[in-house]
Amino acid sequence: MALGFLTAKTLGLGFRARGAAPALGLGFGQSRSLHTVELPDLPYDYAALEPTISAEIMQLHHQKHHQAYVNNYNTAQEQLEEALNKGDVSKVVHLQSAIKFNGGGHINHSIFWQNLKPSKEGGGDPPHGALGWAVDQDFRSLEVLIQKMNAEGAALQGSGWVWLALDKESKKLRVETTANQDPLVTKGANFVPLLGIDVWEHAYYLQYKNVKPDYLKNIWTVINWKYASQVYENEVV
Amino acid sequence: MASSPATLLLSPGGRASQPSLPLASHGLRLAPLNLPRTPKKMESCCSGNSAKVIAYYGLTTPPYELNALEPYMSKRTLELHWERHHREHVESLNKQLRNSSLYGYTMLELIKVTYNNGNPLPEFNNAAEVWNHDFFWESMHPDGGKLPWGGLLQQIEKDFGSYSNFKDEFMHSALGLFGSGWVWLILKREEKRLAVMKTSNAICPLVFDDIPILALDLWEHAYYLDYKDDRETYIRNFINHLVCWHSATVRIVRAEAFVNLGEPKIPVA
């Protein structure tokens, strides 16, 4: 999966090869290794995004929620490996939903942490350069883009994500939403995530309660446009 | 459209046109359950000679005090969940219906029609969430938990093997829900048996023509202030301390008027 590779490369997602297990019973003499994923460190302290996002939310979100996606993805992967080795096709198919959910949770949160930055370190500073131009061209202005993402995030039913995506083929920016932990790639193989905002209730509930629009309004003060610009430039140049 | 009388009668918060069920005729003692009040906001506006009266959905009050489910569900959680989340759905629905051709439908019709065979219309989420929350409040009780009894217990044992199997399946299903949604105990109308079902976001079993018996809200707002990421403890406390088997019994008695469960007889009241 191209995107998986890209995100692993650009984000330094903790993929680690676990002791190469020789494939048994297949007779091809080929060995495979499981690449387990790890919880990445945050590039800032839990309290660094206050008052926009509280330290308590950041800590639970990172240590509990993201960790659970990592653990469950690794477990599902082991089960998948076993099912593949046994040729248990129905088990392989059954595992897909857990892999999509937990693998997606890991991908999405790894991007999300990079999308945030303390205000005093430049979080919230608007994009300049190529991405700044592209935002103006595709959405008329940054304000229009923010309004659009806030509106789509607020309207999203249930749990999910709202994304600023780059369509690699047309080189156009788009706003997309995905349900639950579906990563952006489920909307199209061409889409590269520049910016993802978590609109699961666990991302804001302790602080903002039922007022999701306030969370969405405030989060722009800690958005790391520099990161989004780098991803954009890597893809477009 | 043909709406099921069984579920129609279960639907709280409906319009004045909806028949009220004489519960006492079942000979059940309903004393511990305050039936929900359905306050209705009436707006009358006069145009010319004719007075047009518009009835809206009201926010149904949970049948207990907001601190009554503590320590398993805090007053703060219920204040937000009922007075904010539930109310927002009621108010948004009323706003949507104001100039809608769907005005005048019963709640059950509204849910089924707006579900639109899986391509929900804009009103669906609010309509279903109003109904789901009403149903959820009545699925809990301050003196809840314990064991089901009588005919309901026999039916659970028949369909799940044992109460403990049912509990395991309910827990397992709730823990396996990806994202926001609900887990239900339902009576499957065609198969004539109880089953556990999980649904995403606002979807409820009514849209599949099944009869809901119990509901547990698994949106994070239902438990996050009290349990944070520990969904498992929330589910376990619901089953062990909050679930209202009395409501479940009343609901399956009603359902039995439309689904012949054969032996064992329900209720043994």
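Would you check if residue A:162 is open to solvent by less than 20 Å² (accessible area, probe 1.4 Å), at pLDDT 95 or above and under 22 Å from residue A:229 (Cβ atoms)? So residue A:162 fits the description; yes. Residues satisfying the criterion are present in region B:98-112 (criterion: more than 16 Å from residue B:203 (Cβ to Cβ), crowded, with 20+ Cβ neighbours inside 10 Å and of a type outside the set (Val, Ile, Thr)). Listed conditions (1) within 19 Å of the chain's Cα centre (by Cα); (2) open to solvent by less than 10 Å² (accessible area, probe 1.4 Å) are all met by residue A:145, apart from (1). Only helices (runs of 4 or more DSSP H) whose full extent lies in region A:34-99 are considered here, and the ones with at least 1 residues that are open to solvent by 70 Å² or more (accessible area, probe 1.4 Å) and within 30 Å of residue A:122 (Cβ to Cβ) are A:55-59. From the list A:155, A:151, A:134, exactly one residue is open to solvent by less than 20 Å² (accessible area, probe 1.4 Å) and farther than 30 Å from residue A:41 by Cα. Which is it? From the options A:155, A:151, A:134, the qualifying one is A:134.
Just checking, how many residues over region B:160-176 are open to solvent by 10 Å² or more (accessible area, probe 1.4 Å) and in contact (Cβ under 8 Å) with a residue 12 or more places away in the chain?
Of all residues in region B:160-176, those open to solvent by 10 Å² or more (accessible area, probe 1.4 Å) come to B:160-165, B:167-169, B:171-173, B:175-176.
Among the residues that remain, those that are also in contact (Cβ under 8 Å) with a residue 12 or more places away in the chain are: B:160, B:163, B:167, B:169, B:171, B:173, B:175-176.
Qualifying residue count for the region: 8.
Listed here are the residues, each with its yes/no results for (1) in contact with a Lys or Arg (Cβ under 9 Å, 6 or more places away or on another chain); (2) free of Cβ contacts under 8 Å to residues at least 24 places away in the same chain.
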position	(1), (2)
B:158	yes, no
B:178	yes, yes
B:190	no, yes
B:223	yes, no
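Of the listed requirements (1) within 14 Å of another protein chain (Cβ to nearest Cβ); (2) under 30 Å from residue B:92 (Cα atoms); (3) under 18 Å from the mean Cα position of the chain (by Cα); (4) polar (S, T, N, Q), residue A:150 misses just one: (1).
Here is the figure for region A:165-222: residues that are within 14 Å of chain B (Cβ to nearest Cβ), part of a strand (DSSP E or B) and among the acidic types (Asp, Glu) total 1.
Among the residues of region B:250-259, are any more than 21 Å from residue B:69 (Cβ to Cβ), within 14 Å of chain A (Cβ to nearest Cβ) and either open to solvent by 10 Å² or more (accessible area, probe 1.4 Å) or part of a strand (DSSP E or B) (or both)? Reasoning before the result, please.
Going residue by residue through region B:250-259, those that are more than 21 Å from residue B:69 (Cβ to Cβ) are B:252-259.
Remaining after also requiring within 14 Å of chain A (Cβ to nearest Cβ): none.
No: region B:250-259 contains no residue that is more than 21 Å from residue B:69 (Cβ to Cβ), within 14 Å of chain A (Cβ to nearest Cβ) and either open to solvent by 10 Å² or more (accessible area, probe 1.4 Å) or part of a strand (DSSP E or B) (or both).
Residue-level analysis places residue B:196 outside the set of residues that are more than 14 Å from chain A (Cβ to nearest Cβ), in a strand (DSSP E or B) and open to solvent by less than 10 Å² (accessible area, probe 1.4 Å). Of the residues in region A:109-127, at least one is under 17 Å from residue B:178 (Cβ atoms) and crowded, with 19+ Cβ neighbours inside 10 Å.
State yes or no: is residue A:59 more than 16 Å from the chain's Cα centre (by Cα) and more than 30 Å from residue A:211 (Cα to Cα)? So that I can check it myself, show each step before the final result.
Numbers: more than 16 Å from the chain's Cα centre (by Cα): yes; more than 30 Å from residue A:211 (Cα to Cα): no.
No.
The values are calculated or read from the model by the stated rules, or taken from the named source; none is laboratory data. None of these values were measured; they are calculated from a predicted model. Don't worry about glycine lacking a Cβ; one is built from the backbone with ideal geometry, like all the others, and counts go over all protein chains shown. Note: accessible area is taken over every heavy atom of the protein model, side chains too, but ligands, DNA and RNA are not part of it. Shrake-Rupley method; radii C 1.70, N 1.55, O 1.52, S 1.80 Å.
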